[in-house]
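Below: one structure, written as structure tokens.
The values are calculated or read from the model by the stated rules, or taken from the named source; none is laboratory data. Keep in mind the model is a prediction, meaning the values are calculated, not measured. Here the Cβ positions follow ideal geometry from the backbone for every residue, glycine too, while neighbour counts run over all protein chains shown. Surface accessibility is based on the protein's heavy atoms, side chains included, excluding ligands, DNA and RNA. Shrake-Rupley method; radii C 1.70, N 1.55, O 1.52, S 1.80 Å.
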Amino acid sequence: MIHGIKTDEMTKGANGEEREGERERERETSVLCMPGEFRAAARAGAARAAAVVLKRPTERCHSAGWFRRVRSKGMAVAATAAAEGAEQPAKNSGYKFFESIGSPKYHVAPMVDQSELPFRILCRRHGATAAYTPMLHARLFLENEKYRAEHFTTLRSDAAAAAEQHDRPLFVQFCANDPEILLGAARLVQPFCDAIDINFGCPQRIAKKGRYGSYLMDDIPLVESLVRTLHENLDIPVTCKVRIFPELDKTLDYVRRIERAGCQLLAVHGRTREMRRARDFRADWDAIKAVKQALSIPVLANGDIRNLDDIARCLEYTGCDGVLSAEPLLMNPALFDDRVWAEARAMGDGALDENGMPPLSCCELLREYLTICRSHPVPFRMVKAHVHKMLGSWFRELTDLRDELNPLHGPANWSTGNKEYSKVLDALDSLVVRASERIAAAVAAGRSKPTPVPRDKKRDAAEQQAAKEEAIRQQKEEEEALLALDRQQGSAAEKRARIDEASVAG
């Protein structure tokens, strides 16, 4: 079962009254509306969850009447909780917060479209002890219901217990450059996670154009304002993920100011903003070590974490409290799994693939991931991207399977039980099975690594162009969505101004 954030209309009947039976069915079929969840929390005496709607700013939600209705319901919920004598617990901070979530050492890093729920479940099964959501765009998340439903899902506690699965500790990461918008988005998800993380590390060009991520390093007062706003107004801690400056003194001043603003845990990527391609630059563990020594809050290291030996060396050298992994984890979701690494060591280097793993492990992990997707569906583009990452090196040899994968597209409706979605997952599973058979044949012939097929330069150029056009298309979609929201807000502001003028004239 999954938490989704939807509008209040979902629980209304034709006569406008709430239907309790329908709400109960929603709980059983996977999606919950926020107001219903607040009421449940209040009945349990959790004023902390109920009261979050009381402070939500409504002036920026001109196009979202649902937001104001949720706020109104939240006031009633808080009153109910207060009548039951519920008390709001103090917010944990620093190491007290870190210890309260189990002092997790192995973290799934936030990755756009790639650290989604099924992948987090897979990684947790194989040793990960905490995880971040994909980076969420705060403005889109606050204003766009479809965006919320697509990009944020997490396991309900009762479903997790029944299936012996979990999705906690969970950090929900946002990118933003407006404190009020960030706070509004954060309040929507704080009942369902352990901390809100702010992305100050994204180095991509779209982050530069949108003025978020690592490009906020040029405006440290704004960085401080974003952190302080969440720290002072949320019921759960705020954490941050940053990159380093080329100069160590600037880096240390930067992270100290973030800590003073209220950050309770800091993840440090040991590369600068200009070092976009991780494979081309080594992470600066000396800088991470200096950051750890300069702060009094937990610090996580990010960069050059490819296996358990790297983790041990990094933690010993930097003194950090844990590590994050992104790209290496995409290629090997069992990166944190002691059992799998023990099996790999027993096989010897000559019998391992390019990730240092048993060659067939990528297929086994992929089939496990596809099974999870059947119970917890996500947009097909996310699923397809994981197939590319986990079978990536073998696709250089199995080019016919790669060509079979590339044109596959999933249905617009990817809900649980959707026949078309199940059909495309079946196609992926069949492809992985065939890849497994051919990799097994290579292993039987004494090969643990792929033999690349000679490259077709014309085809490669066409694939690169197609990938470039798709990236441009996705960027335009996001920009158009933001422009539409700005126009919508502008129209609402003009309408209010006309009403005010009419009131004055009257």
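Rolling a 1.4 Å probe across the protein heavy atoms gives region 238-333 an accessible surface of 40 Å² per residue.
Sparse packing (at most 12 other Cβ atoms within 10 Å of the Cβ) combined with a DSSP loop state is found for the following trypsin sites (Lys or Arg not before Pro) in region 278-351: Arg282.
A cut-off of 5 Å between modelled amide H atoms, ignoring neighbours fewer than 5 places along the same chain, links Glu397 with Val453. The phi-based Karplus calculation (6.51 cos²θ - 1.76 cosθ + 1.60; θ = phi - 60°) puts the 3J(HN,Hα) values of region 199-211 at 7, 10, x, 4, x, 5, 4, 5, 5, 5, 5, x, 6 Hz, whole numbers, x for Gly and Pro. Mind scanning Lys241/Lys292; Lys384/Lys423; Lys105/Lys241; Lys209/Lys292; Lys241/Lys289; Lys209/Lys384 and naming the pairs with a C-alpha gap bigger than 19 Å? The answer is Lys209/Lys292; Lys209/Lys384.
Kirkwood analysis of the Cα pair distances in region 225-295 returns a hydrodynamic radius of 12.8 Å. Per the Debye calculation on region 187-236 with a single equal scatterer at every Cα and no solvent contribution, log₁₀ I(q)/I(0) for q = 0.14 Å⁻¹ amounts to -0.41. Taking amide H as placed 1.01 Å from N in the peptide plane, Ala195 has its amide H under 5 Å from the amide H of Leu170, Val172, each at least 5 places away in sequence or on another chain. Amide H contacts of Thr154: His3, each under 5 Å away and 5 or more positions distant or on a separate chain (H built 1.01 Å from N in the peptide plane; Pro and chain starts excluded). In loop segments of region 142-236 as defined by DSSP, the trypsin sites (Lys or Arg not before Pro) with at most 15 further C-beta atoms inside 10 Å of their C-beta are Arg211.
Across all directions, the average projected area of the convex hull around the alpha carbons of region 224-353 is 9.3 nm². The apolar share of the surface of region 291-406, taken as the fraction of accessible area on carbon and sulfur atoms (1.4 Å probe, ligands and nucleic acids excluded), comes to 49 percent. What the phi angles of region 225-233 give under the Karplus curve with 6.51, -1.76 and 1.60, with θ = phi - 60°, is a coupling list of 5, 4, 5, 5, 4, 5, 4, 7, 10 Hz, glycine and proline written as x.
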